[in-house]
1. Working only within the stretch 104-114, note down all residues that are open to solvent by less than 40 Å² (accessible area, probe 1.4 Å) and either farther than 17 Å from ILE7 by Cα or in a helix (DSSP H, G or I) (or both).
2. Considering LEU101, LEU131, which residue is under 28 Å from ALA32 (Cβ atoms), out of contact with any Phe, Trp or Tyr (no Cβ under 9 Å at 6 or more places or on another chain), assigned to a helix (DSSP H, G or I) and not aromatic (Phe, Trp, Tyr)?
3. Could you list all residues from the stretch 133-149 that are of a type outside the set (Val, Ile, Thr) and open to solvent by less than 40 Å² (accessible area, probe 1.4 Å)?
4. Taking the stretch 1-45, which residues are more than 17 Å from the chain's Cα centre (by Cα), open to solvent by 40 Å² or more (accessible area, probe 1.4 Å) and farther than 19 Å from SER77 by Cβ?
5. What number of residues within the stretch 46-90 are open to solvent by 50 Å² or more (accessible area, probe 1.4 Å) and assigned to a helix (DSSP H, G or I)?
Amino acid sequence: MSAIERIRAERAVAILRRVAEVDRRIEALVEAGIGVVEITLDAPDGLAAIERARGRGDVAVLAGTVRRPEQVDASASAGAEAIVSPGFSPAVVERARELGLPAIPGALTPTEIEAAWAAGAALVKLFPGGLGGPRYVRNVLAPLADVPLLVTGGVDASNARAFLDAGAVAVGVGSALNDPDEARRVVAAVRSAGV
């Protein structure tokens, strides 16, 4: 199963941004039921952590905070199965396409979302999702129903299901997963959402 298929099936991505003991954190997330992790490149050992996580074989591994084409190359070399960006950079999406690596660029407005999707994004990351909430997701998807959104930024167990029910294909959860119990609550909320 590809990383994109796994995101769509599991509907949750754990975002690990500059976390201490990333390997231990991944282990705890897997135990909580998380199967897709995004390790950001703004961590000092982000690429090495991606390599180690890929070696586990039980999680899909995304490279996050990919902002330049050369970071796409480094992510691919480290074994990332897709790249995620905070914004939409045509050069990053193009380089990912050249390497056969799915790109998930960030966008907020309908214009940005449409541009990212038209450029060949595998999914579009709506960021920051907490700014407009589930109602914004529903409103954006009214005219852009064919665009699969991964909502990140301000997502936790209290609103994950609402974002999915509003039409997002998946949610990305970051700092809320610092607590293993919250990770289990996020998994439960995601699994309770209608498909």
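1. If we filter the stretch 104-114 for residues that are open to solvent by less than 40 Å² (accessible area, probe 1.4 Å), which is where we start, we get 104-107, 113.
Of everything in the stretch 104-114, those that are open to solvent by less than 40 Å² (accessible area, probe 1.4 Å) and either farther than 17 Å from ILE7 by Cα or in a helix (DSSP H, G or I) (or both) turn out to be ALA107, ILE113.
2. Values: LEU101 fails: assigned to a helix (DSSP H, G or I).
Just one listed residue meets the conditions, LEU131.
3. First, the residues of the stretch 133-149 that are of a type outside the set (Val, Ile, Thr): 133-136, 138-139, 141-146, 148-149.
Residues satisfying the conditions are GLY133, PRO134, LEU141, LEU144, PRO148, LEU149.
4. Pass one, the stretch 1-45, residues more than 17 Å from the chain's Cα centre (by Cα): 20-21, 23-24, 27-28, 31-32, 44-45.
Next, from what is left, pick out any that are open to solvent by 40 Å² or more (accessible area, probe 1.4 Å): 20-21, 23-24, 27, 31, 44-45.
Across the stretch 1-45, the qualifying residues are ALA20, GLU21, ASP23, ARG24, GLU27, GLU31.
5. Count: 10.
The values are calculated or read from the model by the stated rules, or taken from the named source; none is laboratory data. Given the structure is predicted, the values throughout are model-derived calculations rather than measurements. Positions of Cβ are backbone-derived with ideal geometry, glycine not excepted, and every protein chain shown enters the neighbour counts. Surface accessibility is based on the protein's heavy atoms, side chains included, excluding ligands, DNA and RNA. Shrake-Rupley method; radii C 1.70, N 1.55, O 1.52, S 1.80 Å.
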